[in-house]
Structures are given as C-alpha cells and as structure tokens.
Amino acid sequence: MNNTAKISLTLFRAGSALIRQSEVEKINWKITRGDVLPKIPNLSERDKDIVVRHGVALHHNRVSSQVMQLVTLTKDAYDEFTGACPSWADPRDWKKMSKTGKINAHCKVIAEEVGSQEYDFTILED
C-alpha cells in the first residue's frame with residue numbers, strides 16, 4: 001500500500017463563503033447632544049455639536065470567496081485510475097486514452113458525484 005500523494009484534485013463547489021480579512025478597520029464614532037436630545041426646541045446649534053461620548057470600534061471586513069475542496073489522491077489511486085477500464089467507460093475508448101485522459105475522466109466522475117461545478121487536477125512528481 002503506497003500512501004504517498006500523487007494527484008492533487010481541486011473541486012470548485014457551488015456557493016461562496018465569507019472570509020475575514022486580516023486587516024482591521026478602525027471606525028471612529030461620536031455621539032453629540034443633538035443625537036441624544038433631538039426634540040428639544042431651544043437647544044442651540046452650538047449645544048447640539050457638543051460631544052457626549054466618543055470612541056473607536058474595530059471591524060474586520062469580510063470578503064466573498066469561492067468554496068474549494070482539495071482532495072489528495074495517493075499513488076495507489078493513480079495506479080487504479082490509469083489501469084483497467086472502469087464499468088462506466090467504453091473499453092475501446094479507454095484503451096486509446098493517455099494516462100492524463102484517464103485521470104481526467106475519473107476526476108470528472110468524482111466532481112459530478114460531489115456536485116462540483118468545475119474541477120482542476122495536478123499530477124505531483126514522485
């Protein structure tokens with residue numbers, strides 16, 4: 001049994017996820033008398049601008065990112081993918097395919113089974 005990584009398969013899933021950015025945004029805020037007492041009729045403009053409270057709020061922005069699933073397949077899976085014809089493939093077409101074509105066919109089936117919109121794979125060096 002050979003458990004060394006041979007194929008890296010990336011599945012691009014439907015939907016997106018919100019990921020927090022590493023930079024913190026500082027938001028300065030203040031509350032004035034005009035904010036606290038808006039309905040007092042004889043409050044002058046100068047009194048309305050007097051700051052009652054102030055402070056800084058720290059905020060992490062979130063950005064939308066596509067959901068990806070990374071699957072690492074072993075050398076044994078590589079040998080199985082490039083070996084005998086699977087039941088879902090035509091044996092005549094399978095014999096004509098290159099190793100990369102056979103792996104692509106298997107990765108396509110995996111992507112369809114998990115409901116992935118698209119996929120990409122890389123064959124890793126030994």
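The table below lists the values:
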| read-out | value |
| --- | --- |
| Qualifying positions in segment 36-76 - polar (S, T, N, Q) and farther than 30 Å from VAL114 by Cα | ASN42, SER44, ASN61 |
| Which numbered condition ASP49 fails, given (1) farther than 30 Å from GLU125 by Cβ; (2) within 20 Å of the chain's Cα centre (by Cα); (3) modelled with pLDDT under 90 | (2) |
| Candidates ASN28, ASN42, filtered to the one that is farther than 26 Å from SER8 by Cβ and at pLDDT 95 or above | ASN28 |
| Residues (in a strand (DSSP E or B) and in contact with a helix residue (DSSP H, G or I) (Cβ under 7 Å, 6 or more places away or on another chain)) located in segment 28-51 | THR32 |
| Conditions (1) surrounded by 11 or more Cβ atoms within 10 Å (Cβ to Cβ); (2) part of a strand (DSSP E or B); (3) charged (D, E, K, R): number failed by LYS108 | (2) |
| Residues that are under 29 Å from PHE121 (Cβ atoms) and surrounded by 15 or more Cβ atoms within 10 Å (Cβ to Cβ), drawn from segment 3-35 | LYS6, ILE7, LEU9, THR10, LEU11, ARG13 |
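The values are calculated or read from the model by the stated rules, or taken from the named source; none is laboratory data. Because the structure is a prediction, the values reported are computed rather than measured. Reconstructed Cβ throughout: ideal geometry from the backbone, glycine too, with neighbour counts over all protein chains shown.
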